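The next block holds one structure in the form of structure tokens; read it before the comments.
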Amino acid sequence: MVPITLDEAQKHSELAVSSDRRTVQHKPSAQQPVMGRQLPVVVGREGFASGCYYWEVHVGDGLDWELGVLTETVRGTLKERSWEDLPEDGVFSLRRVNGEYWPEDVNAKVLSSMKVQLRVVGLDLNLELSTLSFYNIENFECILEISIKGIEGSTKLYPFLRPGLGEAGEKGTPLTINHNTDWDFPSTVWSLTIEENQT
């Protein structure tokens with residue numbers, strides 16, 4: 001599991017990042033309403049141009065969040081977009097909006113395979129295969145695989161988080177990056193698959 005930390009210099013002004021740079025939550029102004037706004041963005045400090053990387057995010061019971069990676073180009077334009085409006089190109093993610101999962105074809109698959117709410121999401125970025133996969137670590141199932149082909153080889157991809165909005169003056173539901181770097185979910189799944197095939 002690769003250690004991911006959040007970049008204080010690459011975030012929306014209303015996002016509060018913990019001292020260990022692994023947890024983020026929305027902390028809006030008491031005066032400004034939040035209805036109808038896009039989810040604010042924070043970007044990870046680490047960028048990846050080659051290799052394979054895995055990390056996990058605790059989403060808890062939040063009904064609104066987004067996890068994924070974005071290109072170095074998108075990262076560079078976020079300040080111009082007020083850290084809320086992500087472009088369609090150069091962003092690869094899994095979203096939850098009002099309790100529904102997006103892309104739309106994921107929603108039925110996630111809900112039908114889960115006995116409990118999805119609380120921890122594993123992200124597996126494989127730049128050798130040009131894929132980003134999302135796992136439900138409760139049942140060892142891949143719930144979404146996204147192709148990231150078409151990205152130039154030298155272009156870095158950065159993890160990003162978008163936590164749900166809080167009410168005016170109140171914090172939203174936090175998102176936390178797992179710090180257990182000894183746990184390697186993809187390798188564990190691969191080992192379990194081999195054991196099942198041998199029995």
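The values are calculated or read from the model by the stated rules, or taken from the named source; none is laboratory data. Every value quoted in this text rests on a predicted model; they were computed, and no experiment measured them. All Cβ positions, glycine included, derive from the backbone under ideal geometry; neighbour counts span all protein chains shown. These accessible areas exclude ligands, DNA and RNA; they are computed on the full protein's heavy atoms, side chains included. Shrake-Rupley method; radii C 1.70, N 1.55, O 1.52, S 1.80 Å.
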* Structure fact -> Output for the range 42-167 (equivalent-ellipsoid semi-axes, sqrt of 5λ from the C-alpha gyration tensor, Å, descending) is 23, 18, 12
* Rule-of-thumb Rg ratio for the range 1-105 [Cα; 2.2 N^0.38 Å; N residues] -> 1.09
* Heavy atoms of Val74: accessible area, 1.4 Å probe, square angstrom to 10 -> 10
* Structure fact -> 1/(1 + (r/R0)^6) with r = Cβ-Cβ of Ala16 and Ile146, R0 = 25 Å, i.e. FRET efficiency to nearest 0.05, evaluates to 0.30
* **Cα-Cα over 25 Å, subset of Lys27/Lys79; Lys27/Lys156; Lys11/Lys149** => Lys27/Lys156; Lys11/Lys149
